[in-house]
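As structure tokens, the structure follows; a few thoughts come after it.
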Amino acid sequence: MCGIVGYVGRPGAPGAAAEGGPAVVLEGLRRLEYRGYDSAGIAVVTGDGVAVRKRAGKLANLVELLDADPLPDTGTAIGHTRWATHGGPTDANAHPHVDAAGRVAVIHNGIVENFAALRAELTEAGVEFTSETDTEVVAHLLGAQYRLTPDLTEAMRAVCARLEGAFTLLAVHADAPGTIVGARRNSPLVVGLGEGANYLGSDVAAFIAHTREALELGQDQVVTITPDEVRVVGFDGTPAQGRRFHVDWDASAAEKGGFPSFMAKEIHDQPQAIADTLLGRTDAAGRLQLDEMKITEAELRSIDKIVVIACGTAAYAGQVAKYAIEHWCRIPVEVELAHEFRYRDPVVSERTLVVAISQSGETMDTIMAVRHAREQGAKVLAICNTNGSTIPRESDAALYTHAGPEIAVASTKAFLAQITACYLLGLYLAQLRGNKFADEVAEVLAQLHEVPGQVRQVLDGLEQVREIARSMADTRSVLFLGRHVGYPVAMEGALKLKELAYIHAEGFAAGELKHGPIALVEPGQPVFVVVPSPRGRDSLHAKVVSNIQEVRARGARTLVIAEQGDTDVEPYADVVIRVPRTSTLLSPLLAVVPLQVFACELATAKGLDVDQPRNLAKSVTVE
Ligand code: M6R
């Protein structure tokens, strides 16, 4: 949940940043602020110790502090942007934390689960704590260990052996200028490789302005970086190699590009995200191929059940997948929140394909569910947007979405890319298992290739939605209804509004309305209704039109998302928002876009920060 950056550079080296360590780290923190933004801090190694500046609140507060009280411009710096777990967001709880002698500085992402016992032990030994965090325990342990074994890598290994839980740690020591030591267990850390400079980051965005060459670390490893060397060892001391990879996007992809917010930019990136996710998926004969599919065809033919595990928006992508895959492949698909799956006793076997969907690839709930599924013998396929992240690395196969970096905390383009990847998976399985003829698969693929242009059309015609959103800034509650694939769209519309505008919002299956939720409807209640195509199964469309009438009869203000040419909805809609025609199964890619724009515009009208909503962090790396 926190963002971590480290930089060591030899001044004047070809790949070293022209700026000093604090400036490089601050720039990295700006790009990682989406991971947590309740406090931030930087530590540098100086000639006679470590110097720290840290401040509660957003990064801007730290910048103000650094302007007033700059750090020395050294070539060794670490920085942190925090999402609080242990201890509230105060100056004292902000990272870095130092040991009592002020010789070691530590930053941390994750939770040290046995921190209470360790803190009691240290207190008993006379250590005085200055914060409520679990991280400070590590700083004191590391300081003490270094006095015994004056080698930061070895000291880190010894300390990690005492820690339980999930953590990424970076440490610098006054006696080791030009060195940063990192460690990871169940929490992300990647190395950026430069010439005469090396970097560490929670993700590649931390150093993308300086290098696109990166090294992925494995589980339970310690990495030591100097300007000219990167050394990796396991917690047990065994030398290890990371996997080198090239980042296929550049710093400009992580900028706002003229949009007022990352959220607005990412909504407009969606046609590209879908197009890029579809790119290069067919062979010369037009047959669908998924390169990263490392599960054998025989295994895929033998599966008798698919279980999708994910959280939040990614789980709604999974719900869309259920309708498509069951329809195309006739395989039962269950969709389960990863944290619920993990802590019950799910029925999975060697013939179950578990599909883990995650933008970040670092969601701890999903990681734990992946491990659990594999322990039960299931094959796991990851649908993920982040190369080198934990979930694809720990899965049997990966299908990457190519949405580019998603910085805004609320997910938009990753959602559309996830749905697209799920369609590809469904069509691939249908082709492989013989549920569909090649020309049928090709027909759906052709429709899919039209979707980016259709999303562009939706985006070009949303002034009406923006105006409605601005006029609803005082609204206290909004309901969203949908059936079939419109149901997850309704839930996603509600989630976007909750996250961004802090408005009470609920998404319901329209058929469930009469079983309770309709009691919420009173005169003036805004209700969005996602209407399926009238060209699809007739009964479905007619049923939703009836649902619109039911809420309208009770005074609701109906905001209806319907296909172009669907005149049936007009008598019952206060507002009709049009989307282009496509097949019912593909329609979520279009229908959700007005709901994203509505939430973004309404939150903006309320003066809220749409990129960094309160209480949230982009990637939930604790359970
Ligand atoms: O990185 P992941 O896709 O695994 O994240 C899953 C959820 O935490 C994420 O979708 C969350 O619900 C977003 N804030 C939704 O906008």
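Here are a few things to note about the model shown:
- Fraction of antiparallel bridges per DSSP, the chain only, in percent to nearest 5: 60 percent
- Above-threshold pairs, the threshold being 18 Å between Cα atoms, out of Lys256/Lys496; Lys322/Lys543; Lys379/Lys618; Lys413/Lys496; Lys54/Lys256; Lys496/Lys543: Lys256/Lys496; Lys322/Lys543; Lys379/Lys618; Lys54/Lys256; Lys496/Lys543
- Tyr428, Tyr316, ranked by accessible area, largest first (probe 1.4 Å): Tyr316, Tyr428
- Loop-located chymotrypsin sites (Phe, Trp or Tyr not before Pro) in region 124-215 (DSSP state other than H, G, I, E, B) with a sparse environment of at most 16 neighbouring Cβ atoms within 10 Å: Phe129.
- Nearest 10 degrees, 0 to 90: helix 413-433 Cα axis against the chain principal axis: 70 degrees
- Rounded accessible area per residue of region 262-453, 1.4 Å, Å²: 34 Å²
- Under Stokes-Einstein, with the Kirkwood radius over Cα pairs as Rh, the value for region 3-247 at 37 °C and 0.692 mPa s is 190 µm²/s.
- Label-zone membership for region 70-110, site Asp609, 7 angstrom Cα→C-beta point, backbone N under 12 Å: 82-83
- Accessible surface ranking that places the most exposed of Lys379, Lys413, Lys498 first, with a 1.4 angstrom probe: Lys498, Lys379, Lys413
- Amide H partners (placed H, <5 Å) of Glu334, local residues excluded: Ile306, Val307, Val308
- Angle between the chain longest axis and helix 312-329 axis [Cα atoms, degrees, rounded to 10]: 50 degrees
- Sequence-separation-based contact order of region 451-530, relative, with Cα cut under 8 Å and 6+ spacing, percent: 34 percent
- Estimated at 0.36 nm per residue, the fully extended path between Ile295 and Ala101 surpasses their Cα-Cα distance by 64.5 nm.
- Inter-centroid distance (Cα atoms) of region 396-459 relative to region 569-594, Å: 19 Å
- Charge-dipole axis of region 224-376 as Lys and Arg at +1 and Asp and Glu at -1 on Cβ define it, positive-most pick from Thr277, Ala298, Ala310: Ala298
- Nearest-0.05 FRET efficiency for Phe437 and Asp228, computed from C-beta distance (R0 56 Å): 0.45
- Shape category assigned to the chain from the gyration tensor of Cα positions, a/c cut at 1.5: prolate
- For the chain, the longest principal axis of the alpha carbon atoms and the long axis of helix 59-68 meet at an angle near 30°.
- Site pair His449 and His515 shows an inter-label distance of 4.2 nm when each label is modelled 7 Å from Cα along Cα→Cβ.
- Across the chain, the mean sequence separation of Cα contacts (distance under 8 Å, 6 or more residues apart), normalised by length, yields a relative contact order of 12 percent.
- Theoretical FRET efficiency, 1/(1+(r/R0)^6), r = Cβ-Cβ of Glu463 and Asp220, R0 56 Å, to 0.05: 0.60
- Note on the chain: with charges restricted to the Cβ of Lys and Arg (+1) and Asp and Glu (-1), its dipole about the Cα centre is near 1120 debye.
- Separation of alpha-carbon centers, region 75-136 and region 512-548, rounded to whole Å: 52 Å
- Debye, to nearest 20: dipole size of region 3-247, +1 on Lys, Arg Cβ, -1 on Asp, Glu Cβ: 480 debye
- Tensor-based shape of region 234-285 (alpha-carbon gyration tensor, a/c under 1.5 rounded, otherwise prolate or oblate): oblate
- Carbon and sulfur %, accessible surface of the chain computed with the full protein complex present, 1.4 Å: 49 percent
- Radius of gyration, Dmax [region 387-431; alpha carbons; angstrom]: 11.9, 36
- Loop-located GluC sites (Glu not before Pro) in region 131-225 whose Cβ has at most 10 other Cβ within 10 Å (DSSP): none
- Dipole magnitude for region 463-605: computed about the Cα centre from +1 point charges on Lys and Arg Cβ and -1 point charges on Asp and Glu Cβ, it is near 180 debye.
- Over the chain, dividing the summed -39,500 (n - 2.57) contributions of all DSSP H runs of at least 4 residues by the number of residues returns a 222 nm mean residue ellipticity of -11000 deg cm²/dmol.
- For region 512-557, applying the loop criterion from DSSP together with a ceiling of 10 other beta carbons within 10 Å to the trypsin sites (Lys or Arg not before Pro) yields no site.
- Nearest-0.05 FRET efficiency for Phe245 and Glu570, computed from C-beta distance (R0 51 Å): 0.45
- Distance between the modelled labels on Gln376 and Ala284, one decimal in nanometres: 4.3 nm (7 Å Cα→Cβ projection).
- The length gained by stretching the chain between Arg147 and Glu132 to full extension, at 0.36 nm per residue less their Cα-Cα distance, is 3.0 nm.
- Selection from Pro260, Phe167, Gln457, by position along the positive dipole direction of the chain (Cβ): Gln457
- Using the Karplus relation 6.51 cos²θ - 1.76 cosθ + 1.60 with θ = phi - 60°, the per-residue 3J(HN,Hα) values for region 188-205 come to x, 7, 10, 9, x, 9, x, 9, x, 7, 9, 9, 10, x, 5, 8, 5, 4 Hz, with x marking Gly and Pro.
- Working note: Karplus 6.51/-1.76/1.60 with θ = phi - 60° gives region 103-110 the couplings 9, 10, 10, 10, 10, 8, 10, x Hz, where Gly and Pro are set to x.
- Full-extension gain in nm, Arg581 to Asp48, via 0.36 nm per residue minus C-alpha separation: 185.1 nm
- Label zone of Lys58 (point 7 Å out along Cα→Cβ, amide N under 18 Å): in region 259-273 this covers 259-266.
- Think of a 1.4 Å ball rolled over the protein heavy atoms: region 463-605 then has 37 Å² of accessible area per residue.
- For region 93-111, the residues whose amide N sits under 18 Å from a probe point set 7 Å from the Cα of Thr123 along the beta carbon direction are 93, 100.
- The 3J(HN,Hα) values that the Karplus relation (6.51, -1.76, 1.60; θ = phi - 60°) gives for region 284-289 are, in residue order, 4, 8, x, 7, 5, 9 Hz. Gly and Pro appear as x.
- Antiparallel bridges, percent of DSSP beta bridges restricted to region 262-453 (to nearest 5): 5 percent
The values are calculated or read from the model by the stated rules, or taken from the named source; none is laboratory data. Computed from a predicted model, the values in this text were never measured in an experiment. Backbone-built Cβ (ideal geometry, glycine too); neighbour counts: all protein chains shown. Quick note on the areas: whole protein, heavy atoms, side chains included, nothing else; ligands and nucleic acids left out. Shrake-Rupley method; radii C 1.70, N 1.55, O 1.52, S 1.80 Å.
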